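The values are calculated or read from the model by the stated rules, or taken from the named source; none is laboratory data. Because the structure is a prediction, the values reported are computed rather than measured. Neighbour counts run over all protein chains shown; Cβ positions are idealised from the backbone, glycine included. In case anyone asks, the SASA skips ligands and DNA or RNA and just uses the protein heavy atoms, side chains included. Shrake-Rupley method; radii C 1.70, N 1.55, O 1.52, S 1.80 Å.
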Amino acid sequence: GSALTQSLRRLPISDEKALLIFNALTDKDVGRMLKILLSGLKISHIFVPILDTERSRRPSEMKLLIKKLNPRIKVQTFTSASELACHVVKLGMEPSEKWILAAGSLYLVGRLESQFTRMRHTEQAEKP
């Protein structure tokens with residue numbers, strides 16, 4: 001948490017607003033993780049997908065916790081990482097958001113990476 005935030009703060013883009021994609025397993029201290037991320041970075045919007053494991057926190061539960069920590073942050077939930085990836089590719093980000101951070105769970109980061117890779121390969125195959 002704090003090591004990630006400290007590393008990201010060294011990047012020139014860290015002063016720009018970001019989209020956070022976040023969820024974690026039920027045995028993780030998500031309140032602490034979110035407090036560190038939200039206090040150390042300029043997060044303006046959070047996407048919360050359900051993870052592909054029964055140990056996933058429910059997106060609705062995560063949304064309530066995020067709103068309790070910072071009521072001004074926009075939070076959107078998704079039923080899967082693939083739904084979230086399609087949303088990001090089709091609709092993009094808010095104009096003020098300059099970068100995307102996926103954090104909280106390696107399940108999440110791995111699933112997003114495979115979804116975006118699959119979508120990129122499909123897009124390339126469809127080009128003449």
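Structural remarks
- In the chain, the DSSP-assigned H stretches of four residues or longer account for a calculated mean residue ellipticity at 222 nm of -15000 deg cm²/dmol, using -39500 (n - 2.57) per stretch and the full residue count as denominator.
- The charge dipole of the chain, taken about its Cα centre with unit charges on the Cβ of Lys, Arg, Asp and Glu (plus for the first two, minus for the last two), comes to roughly 400 debye.
- Here's the picture: a label point sits 7 Å out from the Cα of LEU11 along the beta-carbon direction, and within region 24-58 the residues with their amide nitrogen under 20 Å of it are 24, 33-49.
- Rounded D (µm²/s) - the chain, Kirkwood Rh over Cα pairs, Stokes-Einstein at 4 °C, 1.567 mPa s: 86 µm²/s
- Mean separation of Cα contacts under 8 Å, 6 or more apart, over the residue count of the chain: relative contact order %: 31 percent
- Where the chain is the region considered: accessible area per residue in Å², 1.4 Å probe: 59 Å²
- Taking the 1.4 Å solvent-accessible surface of the chain as the whole, the part contributed by carbon and sulfur is 54%.
- Hits among aspartates and glutamates - C-alpha to C-alpha of LYS74 under 19 Å, sequence gap 8 or more where chains match: ASP15, GLU16, GLU61, GLU83, GLU94, GLU97
- Above-threshold pairs, the threshold being 23 Å between Cα atoms, out of LYS28/LYS90; LYS67/LYS90; LYS35/LYS90; LYS68/LYS90; LYS28/LYS68: LYS28/LYS90; LYS67/LYS90; LYS35/LYS90; LYS68/LYS90
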